[in-house]
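Structure, as structure tokens:
Any read-out appearing in this document is the output of simple, stated calculations on the displayed coordinates, not a laboratory observation. Fair warning: this is a prediction, and the values are worked out from it, not measured in the lab. Counting neighbours? That spans all protein chains shown, and the Cβs are built from the backbone with ideal geometry, glycine included.
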Amino acid sequence: MNKKRALVVFSGGQDSTTCLFWAKRHFEEVSALSFLYGQKHAKEVELAREIARKAEVSFEVMDVSFIGALGRNSLTDPSVRMDEEKPEEGCLNTFVPGRNLFFLSIAAVYARERDIHHLVTGVSQTDFSGYPDCRDAFIKSLNVTLNLAMDEQFSIHTPLMWLDKAETWALADELGVLELVRRDTLTCYNGIPGDGCGHCPACKLRREGLEKYLKSKNL
């Protein structure tokens, strides 16, 4: 097993970009894999490509549009008005069912063919908006399933699992990429880079975390 190579599931957003540079610190060779799944904010993949170039890592995009077509959600269906607040029950309608399940499963097959056994993803249970596929239990379960399915020994790394957004900003700063993450990434569900639209769920979480982190730095 090659312990020096890692594949990052890379969207070009705050979390996966932070993970990309985390991976560069912990592995000798890093690759990035992005997905087009029918998302309205597909511009994120263009930015991901540019960030990968700056990071000097190999980059590839896969079209998995079937994921977005499987169910109704506000990220892939223009007719669904996006939730701005979490409902009392269930997930925000920005939840794309099966997204992380498919992403990591495809990434594992892709990695296996390249003798890569370390997968890195930016999911977080601390700030996960109620998405069930961002939970630690899901990741651990899927890791076991992928190993059984392919008779391999993959390790799925989740550097942000127990970090809130302020701590994620702190990690980006410690990695020396806070300004790159703030300026060049796309987290906004409405497709606006950097600080974004300011009112979608992703932008609110990102902004609140940044404000908290910057305030802590001034103390």
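A few comments on the model shown:
- When the pairs Lys4/Lys86; Lys4/Lys217; Lys43/Lys212; Lys4/Lys40; Lys140/Lys212 are compared against a 32 Å limit on Cα-Cα distance, Lys4/Lys86; Lys4/Lys217; Lys4/Lys40 fall above it.
- Normalising the Debye intensity of region 1-108 to I(0), with uniform scatterers on Cα atoms only, and taking log10 at q = 0.16, 0.17, 0.22 Å⁻¹ returns -0.76, -0.84, -1.17.
- Semi-axes of the equivalent ellipsoid for the chain, Cα gyration tensor, largest first, Å: 25, 22, 16
- Neighbour cut-off at most 12 other Cβ (10 Å), DSSP loop, trypsin sites (Lys or Arg not before Pro), region 1-59: Lys3, Lys4
- Net length gained if the chain between Arg114 and Ala69 were fully extended (0.36 nm per residue, minus Cα distance): 13.3 nm
- Listed values for region 198-214 are Karplus-derived 3J(HN,Hα) couplings in whole Hz (6.51 cos²θ - 1.76 cosθ + 1.60, θ = phi - 60°), namely x, 10, 6, x, 5, 5, 4, 5, 5, 5, 4, x, 5, 4, 5, 5, 5, and x replaces Gly and Pro.
- Rounded to 0.05, the FRET efficiency of the Asp77 and Glu50 pair, given R0 = 25 Å and the Cβ-Cβ distance, is 0.35.
- Point-to-point label distance, His26-Glu152, nm (Cα→Cβ direction, 7 Å offset): 1.8 nm
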